[in-house]
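The structure appears below as structure tokens.
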Amino acid sequence: MKNQFVGVASLAIIVSLLSGCKSAEQHRENIGSGPADRNLTVGVVQKEIRVGMSQADVAVSLGSPNIVTRDNSGKETWVYDKIATEASYSSSQGGVGLAAGGGGLMGASKKALLLGGVGADYSESSGAASTTQKTLTVVIKFDPAQKVENFTYHTSKF
């Protein structure tokens, strides 16, 4: 019986340790960007925007611009200015506990109660936080026929 208890307790400890806590570094690796929806990125601009595209096609690809200006010759310029802040936190905690107990009555005439117990506990937690800011500015200039004449972009991450 005692060997069976020791075997079960040992197995519980091994399983807990193998599936236990993540380190702070492992949490940092798990931090990623949030929304799965399509965001305005340099890759989207490079892939979809072409000289000669219509304004309607640009609007479908990138959405509405933040700023629209028109010069004195009738040419429009669209500016997309995006700023994003990502804040992520990852944490875990876990522990191992072990307890054993026993008790009994020493004979009906002596009425003595014997209690016994053994206990152990260990717990740990870890986590990581990350905050990143990104900017993307896209400037698209259109010719008088409202077709893309040229475009530029700038991105930063800090």
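Based on what the data block shows, is A129 among the small types (G, A, S), modelled with pLDDT of 70 or more and within 24 Å of the chain's Cα centre (by Cα)?
Yes; evaluated as a whole, the condition is true for this residue.
Among residues belonging to the stretch 55-88 that are surrounded by 12 or more Cβ atoms within 10 Å (Cβ to Cβ) and among the basic types (K, R), point out the one that is nearest to K141 (Cα to Cα).
Here the answer is K75.
Could you list all residues from the stretch 61-71 that are part of a loop (DSSP other than H, G, I, E, B) and more than 17 Å from A145 (Cβ to Cβ)?
Answer for the stretch 61-71, where residues must be part of a loop (DSSP other than H, G, I, E, B) and more than 17 Å from A145 (Cβ to Cβ): G63, S64, P65, N66.
Would you tally the residues in the stretch 127-158 being of a type outside the set (S, T, N, Q), assigned to a loop (DSSP other than H, G, I, E, B) and within 14 Å of S54 (Cβ to Cβ)?
3
The values are calculated or read from the model by the stated rules, or taken from the named source; none is laboratory data. Model, not experiment: these values are computed from the prediction. Don't worry about glycine lacking a Cβ; one is built from the backbone with ideal geometry, like all the others, and counts go over all protein chains shown.
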